[in-house]
Amino acid sequence: MAVQTVPVVTIDGPSGSGKGTIARRVAQALGWHLLDSGALYRLVALAAARRGISQDDDAALGALAAEMRVRFDSNDAGEERIWLGNEDVTDEVRTEDCGRGASRVAVMPAVRQALVGLQESFRRMPGLVADGRDMGTRIFPQAQVKVFLTASPSERAKRRHKQLKDKGIDVSLPALSRDIEARDKRDSERSIDPLRPADDARELDSSKLTIDEVSQLVLDWVGERCKES
């Protein structure tokens, strides 16, 4: 089957909107593949830090991104694991430092271009759920269902704070709020593939909704689209 006929659901949105959690839930419910595109930029930031490459060196970062060997899988508990080469780097890429680095390297044109082919390669039968910031606008513009998931900055900061506290990581809520605002600004104002809803995306504010409610809404939209096809 031609790759263009493989169904795709994209879930874009700002940092802390819950798009990763919803994408995993939807992918599991459908039995489809999952692309966590944000993890790819975190991996570039991590690999650059390890090699001493500046986050402002576009050419070097692009070359680094092009040569990365990346794999996603799950452990026995069903938890997503992220591999860089033969190393499980899941815990490292989920740190706040890595998240800030990802937001910085993501503005680099050479990095974004280098990762296009890698992201497209995740589109395999029976289907793909892709989350990120430009999945519906840049990587999979012909996706059958596009969701732009948002939440208020304060709610996103609270969610991230709870997530980190649950992991035993002590971080201040005001600092997280400032960090989220800075990421939003970088992501929305970058010249290449800025964060914005696709023209045909369904916008969903999750501030007052549960994970189950948001997941079901997205699954309902997928079901509606499948009936139309």
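Per-residue Karplus couplings for region 143-155, computed as 6.51 cos²θ - 1.76 cosθ + 1.60 with θ equal to phi - 60°, are listed in order as 4, 5, 10, 10, 10, 10, 9, 10, 6, 4, x, 5, 5 Hz, Gly and Pro entered as x. With the helix formula -39500 (n - 2.57) applied to DSSP H stretches of n ≥ 4, the chain reaches a computed 222 nm mean residue ellipticity of -15500 deg cm²/dmol. Taking the DSSP beta bridges with both ends in the chain, the antiparallel portion is around 30 percent. Neighbour counting of Cβ atoms within 10 Å sorts the residues Thr150, Thr90, fewest neighbours leading, into Thr90, Thr150. Among the aspartates and glutamates, which have Cα under 12 Å from the Cα of Lys162 when same-chain residues fewer than 8 positions away are ignored? Qualifying aspartates and glutamates at Cα under 12 Å: Asp170.
So if R0 is 41 Å, what FRET efficiency would Glu189 and Arg124 give, r being the distance between their Cβ atoms, rounded to the nearest 0.05?
That gives a FRET efficiency of 0.75.
If you compute log10 I(q)/I(0) by the Debye sum over Cα atoms at q = 0.12, 0.13, 0.17 Å⁻¹ for the structure shown, which of (1) -0.70, -0.80, -1.18; (2) -0.86, -0.95, -1.17; (3) -0.64, -0.76, -1.37 do you land on? Label of the calculated value: (3).
Ranked by the mean number of other Cβ atoms within 10 Å per residue, highest first, peptides 137-144, 54-61 order as 137-144, 54-61.
Across region 158-183, the residues whose backbone nitrogen lies under 20 Å from the label position 7 Å along the beta-carbon direction of Met68 are 183. With all pairs of separate Cα atoms included, region 27-86 yields a Kirkwood hydrodynamic radius of 12.9 Å. Each part gets one Cα centre, and for region 71-96 versus region 17-43 those centres are 13 Å apart. Distance between the 7 Å Cα→Cβ label points at Ala77 and Glu224: 3.7 nm. Bridgeable lysines around Lys167 (alpha carbons under 22 Å apart, same-chain partners fewer than 8 residues away excluded): Lys19, Lys158.
Throughout, read-outs are computed from the coordinates displayed, never taken from laboratory work. Source: prediction; values computed, not measured. Don't worry about glycine lacking a Cβ; one is built from the backbone with ideal geometry, like all the others, and counts go over all protein chains shown.
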